[in-house]
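Student: Encoded as structure tokens, here's the structure I'll be asking about.
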Amino acid sequence: MSILDYDWSLIWDNRDALLGGLWTAASVAIVGLVISLVFGLLLAVMRSGPKPVAWLALAYINIFRGVPALVSVIWVYFGLALLLGVRFTVFQAGVIALSLLYSAFFAEIFRSALQAVPAGHTEAGWALGMRTVQIFFSVTLPQAIKIALPNIGSMFIGMVKDTSTFTVIGLLEVVRVTQNLVATTFQPFVLYTAAAIIYVLAAFAIDLLFRLIEGAYVRPPLGFIGRWLRTRQQREIGRVVTRLTSAQPHTTPMPAVK
């Protein structure tokens, strides 16, 4: 039996089900990405805080970086649900599991990115009279995000792939849909090949998306968005100049010597 003897038309016939599984996987990964980015940034800040807080953040990071996604989702769906007395949906359990795992990875990504920002930028902000929180969100964090973007994109690809382990709780993502189709068509080679192609194409699409976002940080956008950003930048420069001018001591001119 050759490879051409398989029924490859099954891929096209079941395209809606397979793409629906991809949409479910992407939805779980996107929500998990947003939550884990926020929590990961908080952990990164905690790592730079006082020792008890830093140790707590470090313990969380080291624990959850070592937990497999399969174990995490089982623990959330069955263990955490019983502990809290809450019944999670498979979607909620998947999002929580991804957020717990990847916030630990994002914490280290943000920590290294924040440390890569030159300390002189913070000192310049203090010299301009900016508050520490204002410096962090206006100066340090935007630069750190630019540094961290490639790694964030790679982690997001991993999040989409890790949803394949959530078949154990019944999440209808790509692998679960493939398993259901295999049970009725008895064509595992064809359908799992299709699932692999879907994941590879999704990885290429995510990589392209993050490259475009990264390029937007380097090259200012054009059109309406570009004009709006330039106008906002000019206003900020005007405020800084006004602040510096008002901070300079006023001196009375010396009388001319006759």
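Student: Quick one: how many residues across the range 105-140 are within 30 Å of P68 (Cα to Cα) and either among the hydroxyl-bearing types (S, T, Y) or under 16 Å from the mean Cα position of the chain (by Cα) (or both)?
Tutor: Summing the residues that are within 30 Å of P68 (Cα to Cα) and either among the hydroxyl-bearing types (S, T, Y) or under 16 Å from the mean Cα position of the chain (by Cα) (or both) in the range 105-140 gives 10.
Okay, residues lined up against (1) surrounded by 12 or more Cβ atoms within 10 Å (Cβ to Cβ); (2) under 18 Å from G158 (Cα atoms); (3) aromatic (F, W, Y):
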position	(1), (2), (3)
S9	no, no, no
L19	yes, no, no
L33	yes, yes, no
S36	yes, yes, no
S48	yes, no, no
I63	no, no, no
V76	yes, no, no
L82	no, no, no
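Student: Given the structure, is G40 part of a helix (DSSP H, G or I), more than 10 Å from the chain's Cα centre (by Cα) and surrounded by 21 or more Cβ atoms within 10 Å (Cβ to Cβ)?
Tutor: Numbers: part of a helix (DSSP H, G or I): yes; more than 10 Å from the chain's Cα centre (by Cα): no; surrounded by 21 or more Cβ atoms within 10 Å (Cβ to Cβ): yes.
For G40, the condition - part of a helix (DSSP H, G or I), more than 10 Å from the chain's Cα centre (by Cα) and surrounded by 21 or more Cβ atoms within 10 Å (Cβ to Cβ) - is not met.
Quick grid of which residues meet (1) of a type outside the set (S, T, N, Q); (2) in a helix (DSSP H, G or I); (3) in contact (Cβ under 8 Å) with a residue 24 or more places away in the chain:
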position: W55; (1), (2), (3): yes, yes, no
position: I61; (1), (2), (3): yes, yes, yes
position: F78; (1), (2), (3): yes, yes, no
position: F91; (1), (2), (3): yes, yes, yes
position: S103; (1), (2), (3): no, yes, yes
position: A107; (1), (2), (3): yes, yes, yes
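Student: What are the residues in the range 176-198 that are crowded, with 17+ Cβ neighbours inside 10 Å and either within 23 Å of the chain's Cα centre (by Cα) or not hydrophobic (A, V, I, L, M, F, W, C) (or both), if any?
Tutor: R176, T178, Q187, I198
Student: Determine, yes or no, whether I96 is surrounded by 14 or more Cβ atoms within 10 Å (Cβ to Cβ) and at pLDDT 95 or above. Break it down stepwise before answering.
Tutor: Working: surrounded by 14 or more Cβ atoms within 10 Å (Cβ to Cβ): yes; at pLDDT 95 or above: yes.
Yes: the conditions hold for I96.
Student: Here are the criteria: (1) buried (at least 16 other Cβ atoms within 10 Å of the Cβ); (2) at positive phi. Tell me which single one G170 does not satisfy.
Tutor: Condition (1) is where G170 drops out.
Student: Pick out, from the range 119-168, the helices (runs of 4 or more DSSP H) lying fully within it that include 1 or more residues that are of a type in the set (K, R). Before the answer, list the steps.
Tutor: Numbers: elements: 119-127, 132-135, 141-162.
Filter on the range 119-168 gives 141-162.
Student: Report yes if some residue within the range 192-210 is more than 30 Å from T178 (Cα to Cα), out of contact with any helix residue (DSSP H, G or I) (no Cβ under 6 Å at 6 or more places or on another chain) and modelled with pLDDT of 70 or more; otherwise report no. Let's see the steps before the verdict.
Tutor: Within the range 192-210, the subset more than 30 Å from T178 (Cα to Cα) is none.
Looking for residues that are more than 30 Å from T178 (Cα to Cα), out of contact with any helix residue (DSSP H, G or I) (no Cβ under 6 Å at 6 or more places or on another chain) and modelled with pLDDT of 70 or more, one finds none in the range 192-210, hence no.
Yes/no matrix, rows are residues, columns are (1) modelled with pLDDT of 95 or more; (2) of a type in the set (K, R); (3) under 23 Å from T167 (Cβ atoms); (4) crowded, with 17+ Cβ neighbours inside 10 Å:
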position: L4; (1), (2), (3), (4): no, no, no, no
position: I30; (1), (2), (3), (4): yes, no, yes, no
position: V67; (1), (2), (3), (4): no, no, yes, no
position: L70; (1), (2), (3), (4): no, no, yes, no
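Student: The conditions are (1) assigned to a helix (DSSP H, G or I); (2) surrounded by fewer than 16 Cβ atoms within 10 Å (Cβ to Cβ), and V86 fails exactly one of them. Which is it?
Tutor: The failed condition is (1).
Student: On the given criteria, is K146 under 17 Å from V34 (Cα atoms) and modelled with pLDDT under 90? Break it down into steps so the answer makes sense when it comes.
Tutor: Working: under 17 Å from V34 (Cα atoms): yes; modelled with pLDDT under 90: yes.
Against the criterion (under 17 Å from V34 (Cα atoms) and modelled with pLDDT under 90), K146 qualifies.
The values are calculated or read from the model by the stated rules, or taken from the named source; none is laboratory data. From a predicted model like this one, the values you see are computed outputs, not experimental measurements. Every residue, glycine among them, receives a Cβ derived from its backbone with ideal geometry; neighbour counts consider all protein chains shown.
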